[in-house]
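First up is the structure itself, then whatever we jot down about it.
The values are calculated or read from the model by the stated rules, or taken from the named source; none is laboratory data. Here the structure is a predicted model, which is why all the values come from computation and not from measurement. We place every Cβ from the backbone using ideal geometry, glycine too, and count neighbours over all the protein chains shown. With ligands, DNA and RNA removed, areas are computed over all heavy atoms of the protein, side chains included. Shrake-Rupley method; radii C 1.70, N 1.55, O 1.52, S 1.80 Å.
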Amino acid sequence: MDLQLKGRVAVVTGGSSGIGKAIAMSLASEGATVVTVSRGAATAEAAAQEIRDATGSEVHVFTGDTGKDAIVADLRAFLKERCGRADILVNCAAEPAGQGVDPTVEDVTYDQLERQMNVKVMGYLRAAQAVIPLMREGGFGRIISISGMGARKAGDAVGSIRNISVVALGKNLAEDLQGTGITSVVLHPGYTKTDKVEALIARRAGEEARSEAEIEAQLAGGNLSGFLPTPADVGAIAAFVASPLSRAINGDVIACAGGAKTAIYI
């Protein structure tokens, strides 16, 4: 299937590692020019070169912090200068979460919640505000925001609050941008076999005197597919959502966590 992404310009925040990097790779593989947004210049450039080598596509690196308001003007200016346009935004930059013991509501600190909301929610909003004027100029846009299955369950107050806020932001973007050719979709990964999750598996194996295979099987047993999705699995879904072919999907959420057990979502 031709996803019609050749010549499109895609901005991927958090594109230097994990799911963000895999999405950048998928978009570049389809012929899109990719701009990764990251705070760490060296890591971002290394990831960008890896994507260039693997795909032959053009990849730019913008060093910036989505947690700061200045990124709106700075990123927009960068895109105008380097690419002249922006067609796709993938919001993936976030503070690490879910790797340790989740605090209860009584134990959550304001600093913890503020950091998570500032980067994953306000950061997503800042990135959207940076690219929407460019998308309007082109009459086309795809905004894809990475949230997570924590939006659908309690037990991690900070994770639930930040992820459900991403869903609310995504729906409001779709409502506000209706009729412009710009759509907004949220993806919910679950446990995904990123470097951080592999480190979590190794740590738990050591703590519980079990093999890493046993720990991974336990985590995978939490979904209907029976395996941990990889970042590339999420990247493939994001690439389709980024395509003009996905025009019938707007303001909605797509889970890509291997299938939630027992729950029915409507």
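Placing unit charges on C-beta atoms (Lys and Arg positive, Asp and Glu negative, everything else neutral), compute the dipole magnitude of the chain about its Cα centre in debye, rounded to 20.
640 debye
Rolling a 1.4 Å probe across all protein chains gives Tyr191 an accessible area of roughly 100 Å². The mean accessible area for residues of segment 83-178, using a 1.4 Å probe and ignoring ligands and nucleic acids, is 45 Å² per residue. Could you tell me which label, among (1) 0.98; (2) 1.09; (3) 1.04, carries the value of Cα Rg over 2.2 N^0.38 Å calculated for this structure? Here the calculated entry is (1). Taken about its Cα centre, segment 63-137 carries a charge dipole of roughly 560 debye when the Cβ of each Lys and Arg holds +1 and the Cβ of each Asp and Glu holds -1. Relative to the dominant Cα principal axis of the chain, helix 18-29 is inclined by about 40°. In the elastic network of the chain, a GNM with C-alpha springs shorter than 10 Å, the most mobile of Val197, Val34, Val108 is Val108.
Under the rule of -39500 (n - 2.57) per DSSP H run of 4 or more residues, summed and divided by the residues of the chain, what mean residue ellipticity at 222 nm is obtained, to the nearest 500 deg cm²/dmol? Don't jump to the answer; show the numbers that get you there.
Values: 9 runs with 118 residues, N = 266.
About -14000 deg cm²/dmol.
Most mobile of Ala157, Ala217, Ala24 per a Gaussian network model of the chain (Cα springs, under 10 Å)? Answer for the Gaussian network model of the chain: Ala217. Between Asp176 and Gln129, the modelled label-to-label distance comes to 0.9 nm, taking each label 7 Å out from Cα in the direction of the beta carbon. Over the chain, Cα pairs under 8 Å with separation of 6+ residues give a relative contact order of 20 percent. Rounded to the nearest 10 degrees, the angle from helix 231-242 to the longest Cα principal axis of the chain is 40 degrees.
Expressed as a whole percent, the accessible area of segment 143-266 that falls on carbon and sulfur atoms is 56 (1.4 Å probe). Quick check: at a probe of 1.4 Å, how many percent of the accessible area of segment 1-68 sits on carbon and sulfur atoms? For segment 1-68, the apolar C and S fraction of the accessible surface comes to 47 percent.
Rounded to the nearest 20 debye, the dipole magnitude of segment 175-247 is 100 debye, with +1 charges on Lys and Arg beta carbons, -1 on Asp and Glu beta carbons, and the Cα centre as origin.
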